[in-house]
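The values are calculated or read from the model by the stated rules, or taken from the named source; none is laboratory data. The structure displayed is predicted, hence computed values, not measured ones. No Cβ is skipped: glycine too gets one built from the backbone with ideal geometry, and neighbour counts run over all protein chains shown.
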Amino acid sequence: MSRVDAYHATRIIIENAFSHLTWHEDVCEKTGFKGISQVWKEDPAWYFWLNQVKGAFLLRLHAEEPISNNQYLSLSLHYFPAVDEESYQSLSKEEKEMLSDRSIFDLETITPQFEAYDRFISQFIVAEIGFVIDPENDLQLLLYSSSKGENHPVYSFISLLINTLNFQSKRHHLQAFVLQDESVKTTFLSYSEAVFQQFLASFGLNLNLFDTLVDDDKLNEWLHAAHIDAVCSMSSSCSCSH
């Protein structure tokens, strides 16, 4: 049984998807993508900026676990809001003090200084995101959990991520489920029924605990992203397969 290299796989999935996206200016505009910057640390991590969001996001790998011959990648999503955003008011006193400290944060990009990166790892977390991937680094299950309200910027990032992954792979989920646990809601997008069943068995979950999601505007948007027939930008050398 081959074991997936979680660190390599995480980089492959994220960087391939967003590299592909950057060749398509019209899709970038449609998804709201503004920029990505790799964090040069051992653990895979990236900063993201969106056109319609004032703050900055950090997505980083923090855990992994094998599931049969597949691998579960658990990623933390952090959000650093601008001070005039509603989400800033929900920060803790410590988070607000860190955000205003120029020795910790670069106020222009709203991201931590490189030297201060390890000081906020347990802070500013707005969601957990999980991938189950197979030995070919193909996404077979995506899930995300958050206790934030539906208007929080976290959901803009999650939509960008799913749209980008689907656009690059030309695949989309086959089924969608939600699991509500007190104040935290977890959404599951299953790209493979067999892998979803493996995930449930591995974590001791019963399908009866889940509600099946029917089509809505957001699910339809993610489905459509897999079928966007975009052409490469003419402003640079075309590197995509369209």
Residue pairs qualifying under the 6 Å Cβ cut-off, at least six apart or on distinct chains, with the first in region 80-94 being under 24 Å from Trp46 (Cα atoms) and the second being at pLDDT below 90, are Phe80/Ile110
Go through region 41-96 and report how many residues are within 20 Å of Ala9 (Cβ to Cβ) and assigned to a loop (DSSP other than H, G, I, E, B).
6
Which residues, taken from region 186-220, are of a type in the set (D, E, K, R), touching a helix residue (DSSP H, G or I) at 6+ places or on another chain (Cβ under 9 Å) and under 17 Å from Tyr144 (Cα atoms)?
Lys218
Which condition breaks for Asn137 when tested against (1) in a loop (DSSP other than H, G, I, E, B); (2) without any contact (Cβ under 8 Å) to a residue 24 or more places away in the chain; (3) of a type outside the set (Gly, Ala, Ser)?
(2)
From the list Asn208, Asn163, pick out the single residue that is surrounded by fewer than 19 Cβ atoms within 10 Å (Cβ to Cβ) and part of a helix (DSSP H, G or I).
Asn208
Restricting attention to region 1-40, report how many residues are part of a loop (DSSP other than H, G, I, E, B), under 16 Å from the mean Cα position of the chain (by Cα) and surrounded by 20 or more Cβ atoms within 10 Å (Cβ to Cβ).
0
Given the criteria surrounded by fewer than 15 Cβ atoms within 10 Å (Cβ to Cβ) and either of a type in the set (Asp, Glu) or touching a strand residue (DSSP E or B) at 6+ places or on another chain (Cβ under 6 Å) (or both), does Asp106 qualify?
yes
